[in-house]
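J.: Sharing a structure with you now.
All of the numbers you see were taken from the coordinates with simple rules; none came from a lab. Bear in mind that the values here come from a model prediction, so they are computed numbers and not experimental data. Heads up, the Cβs are rebuilt from the backbone with ideal geometry, glycines too, and the neighbour counts pull from every protein chain shown.
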Ligand SMILES: Cc1cc2nc3c(=O)[nH]c(=O)nc-3n(C[C@H](O)[C@H](O)[C@H](O)COP(=O)(O)OP(=O)(O)OC[C@H]3O[C@@H](n4cnc5c(N)ncnc54)[C@H](O)[C@@H]3O)c2cc1C
């Protein structure tokens, strides 16, 4: 393993993850660091930050995939950006092991580490789940889901076998949290409008199913709003099963705890997240859920007190919620907290670097939630103010259009929305993205044209 330890000319701040927390922390650091004061190194397996709240709209084709990601190098001038995974952290000796996808792993030393590696899907040991389901945490998954659903329509339109066709057109979503409901309703909206383009398909052929273990959906909104969302989905023809578990989906045969069984070609898992499992291979303190434990000033803290030089925020951290909200006293994992924790974290790292001992505490009282439920439909809750339908949808677009980092992306997203409003929804899949050489291989394997005898003069 190549060693890049002791390679520093100046103190290094290593930011693990270039998502909401990582990108904004690095930007804040770069803005406020003095010339030559420290090197900011950001490591992420992707060369871009993904604005996750837009994934449902990317899947539905309302936002172009490239517009929902923010390029790291372009937006972090002056930082060292490494496209690779951090696979373990040895904080006692202050180095991290870094693995580029197509290169040898190496070790990089640092003075301060910022843990911003986010969360991963919390998959349960349900038979068939790992083999057959897809989640939504990456832009590639959003693109694949869209192409998969739309291709299923195209395939089903030619199927004569009723059972096969039913399976192709049954879409199961497990998990009725914010992300799961947004994804399901956005895709249902897209699929229903796409069905109209097929002469051999009707809306009645398509079945969308929501499976939720709790007795309600969307814990982020109040009871009344959550009940309305369920009624709204049922009015749209979506089968909503509450207090129901997915028990088995071996070979895409779905078995539910309410006794129902059916085949479904599409199973989407949105039943929660857990902290990045990479943290388990570090010597930093984590709680029983795998989150790094931090104080309200975002310094990592273990049983023996503050761990000097280690900081964490966002989905991979258990950040105390000083506003009194949150779950069990901790901030819930969402972008609203992540983007507000980042500047506090950057200011505190800077203070520590300069030998100061006073740190800012993170405090944020949640401003509410906005969700899109397909074109022109939404739900929102801002304190006691509750909105449904078009108004909530406009609030959702206005908030997230403003919240995506960088002016470049804001303009592209709003531009996209404007063009779609004028030109209509684009419900067309791109085929074979995962096998781009398919056509060339077919061409190379095709028979040569039979030789004809040269015409006699
Ligand atoms: C579909 C969906 C919809 C959502 N909608 C909303 C919403 O409407 N409102 C809201 O407030 N929140 C929403 N959220 C949640 C919100 O996006 C997250 O809480 C927020 O992005 C957390 O920020 P983060 O920086 O902690 O993690 P992330 O933004 O996920 O960033 C983590 C980064 O770490 C990188 N990484 C992972 N492993 C490694 C490794 N080993 N080494 C280095 N880097 C690594 C990842 O590539 C990623 O770039 C949604 C989430 C999803 C999935």
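J.: Could you order peptides 216-228, 331-343, 356-368 by the average number of other Cβ atoms within 10 Å of their residues, highest first?
T.: Top to bottom by mean Cβ count within 10 Å: 331-343, 216-228, 356-368.
J.: Hey, could you pull the Cα Rg and Dmax for the range 341-457, both in Å?
T.: Calculated on Cα positions, Rg and Dmax stand at 27.8, 98 Å.
J.: List the pair-distance distribution P(r) of the chain, using every Cα-Cα distance, as the percent of pairs falling in each 20 Å bin from 0 up to the bin containing the longest distance, rounded to whole percents.
T.: Reading the bins upward from 0: 23, 52, 22, 3, 1.
J.: Mind running the shape call on the range 49-90? Use the C-alpha gyration tensor, a ≥ b ≥ c as the square roots of the eigenvalues: rounded below 1.5 for a/c, prolate if a/b tops b/c, oblate otherwise.
T.: It comes out oblate by the Cα gyration axes.
J.: Turning to a different aspect of this structure: For helix 390-403, what angle does its Cα long axis make with the longest principal axis of the chain, in degrees from 0 to 90 and rounded to 10?
T.: Helix 390-403 sits roughly 50 degrees off the main axis of the chain.
J.: Then there's this: In angstroms, what radius of gyration and Dmax does the range 194-271 have, counting Cα atoms only?
T.: Just the Cα atoms of the range 194-271 yield Rg and Dmax of 14.3, 42 Å.
J.: Something else: On a full-extension model of 0.36 nm per residue, what is the gain between residue 31 and residue 322, subtracting their alpha-carbon distance, rounded to one decimal in nm?
T.: Working it through step by step, the gained length comes to 102.0 nm.
J.: Take every DSSP beta bridge with both residues inside the chain and express the antiparallel ones as a percent of the total, to the nearest 5.
T.: The antiparallel proportion sits near 50 percent.
J.: While we're looking at this one, here's another question. Using only Cα atoms, tell me the angle between helix 335-353 and the longest principal axis of the chain; keep it within 0 to 90° and round to the nearest 10.
T.: Value to nearest ten degrees: 30.
J.: Next question, about the same structure. What FRET efficiency do you get for residue 360 and residue 258 if R0 is 45 Å and r is their Cβ-Cβ distance, rounded to the nearest 0.05?
T.: 0.35
J.: Same structure again: For the range 15-106, what Kirkwood radius comes out of the mean inverse Cα-Cα distance, in Å?
T.: Its Kirkwood hydrodynamic radius stands at 14.4 Å.
J.: Please determine, in degrees from 0 to 90 and to the nearest 10, the orientation of helix 139-156 with respect to the longest principal axis defined by the Cα atoms of the chain, where the helix direction is its Cα long axis.
T.: Compared with the principal axis, the helix lies near 10 degrees.
J.: Please give, to one decimal in nm, the separation of the simple spin-label points placed at residue 410 and residue 453, each 7 Å out from Cα toward the Cβ.
T.: Rounded to a tenth, the inter-label distance reads 7.7 nm.
J.: When the label point is put 7 Å from the Cα of residue 250 along its Cα-to-beta-carbon vector, which residues of the range 262-280 have a backbone N closer than 15 Å?
T.: Only 262 fall inside the zone, counting backbone N under 15 Å.
J.: Taking only C-alpha pairs under 8 Å that are 6+ residues apart, what is the relative contact order of the chain in percent?
T.: Normalised by residue count, the contact order of the chain is 17 percent.
J.: Rank by packing, highest mean first: peptides 106-115, 269-278, 311-320, 229-238, with packing defined as the count of other Cβ atoms within 10 Å averaged across residues.
T.: Per-residue mean Cβ counts within 10 Å order the peptides as 311-320, 106-115, 269-278, 229-238.
J.: Could I ask something else about it? One quarter of the convex hull surface, Cα atoms only: what value does that give for the range 153-310 in nm²?
T.: 13.1 nm²
J.: Can you give me the Cα centroid spacing of the range 90-121 and the range 41-73 in angstrom?
T.: The range 90-121 and the range 41-73 have Cα centres separated by 22 Å.
J.: Report, in deg cm²/dmol and to the nearest 500, the calculated mean residue ellipticity at 222 nm for the chain, where each DSSP H run with n ≥ 4 adds -39500 (n - 2.57) and the sum is divided by the residue count.
T.: My calculation for the chain gives -9500 deg cm²/dmol from helical runs alone.
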